[in-house]
Amino acid sequence: MALLQANKDLISTGMKEFSILLNQQDMRDNPIPEEAMVIVVNDWMSFYINYYRQKMTGEQQEQDRALQELQQGLNTLANPFLTKYRDFLKTLSSLSKLLESS
């Protein structure tokens, strides 16, 4: 069963907005531990899911499927961001060690 067009549009909008949010992050500005960033990103995803839950249309089963699709889409966007952040922290750590040994 295909999702209602209104829900597809909401999923698309939510993913675009989430992508913009992730792309706006300046990792150099007060870096936090990786575990903390995972919590922050999970909180952002929960915020988006809860926000769009109120806007989904159709029967409950349709809404649940749309929210599941949104969740999967947000995870798909979050994973590369978290990998990039992890790599950034490793680079910072390497630079710190290099400076300490100088």
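Bear in mind these aren't lab numbers, they're just calculated from the coordinates by the rules spelled out. The structure displayed is predicted, hence computed values, not measured ones. Quick reminder, even Gly has a Cβ in these numbers, built from the backbone with ideal geometry, and neighbours come from all protein chains shown.
Starting from the Kirkwood radius over alpha-carbon pairs of the stretch 5-101, derive D by Stokes-Einstein at 37 °C in a medium of 0.692 mPa s and give it in µm² s⁻¹.
Diffusion coefficient, whole number: 221 µm²/s.
What is the sum of charges, Lys and Arg at +1 and Asp and Glu at -1, for the other residues whose Cβ falls under 12 Å from the Cβ of ILE49? Show your work: numbers first, answer last.
On the way: positive: ARG53, LYS55; negative: ASP43, ASP64, GLU69.
In short, -1.
List, in order, the whole-Hz ³J(HN,Hα) value for each residue of the stretch 10-18 obtained from phi through the Karplus relation with A = 6.51, B = -1.76, C = 1.60 and θ = phi - 60°; use x for Gly and Pro.
5, 4, 4, 4, x, 5, 5, 5, 5
Determine ³J(HN,Hα), in whole Hz, for all residues of the stretch 43-50 in sequence, where each value follows from phi through the Karplus function 6.51 cos²θ - 1.76 cosθ + 1.60 and θ = phi - 60°; x replaces Gly and Pro.
For the stretch 43-50, the Karplus-derived couplings read 5, 4, 4, 4, 4, 4, 4, 5 Hz, x marking Gly and Pro.
Provide the gained length on full extension for the span GLU69 to LYS16, in nm with one decimal, where the gain is 0.36 nm per separating residue minus the Cα-Cα distance.
17.7 nm is the gain from fully extending GLU69 to LYS16.
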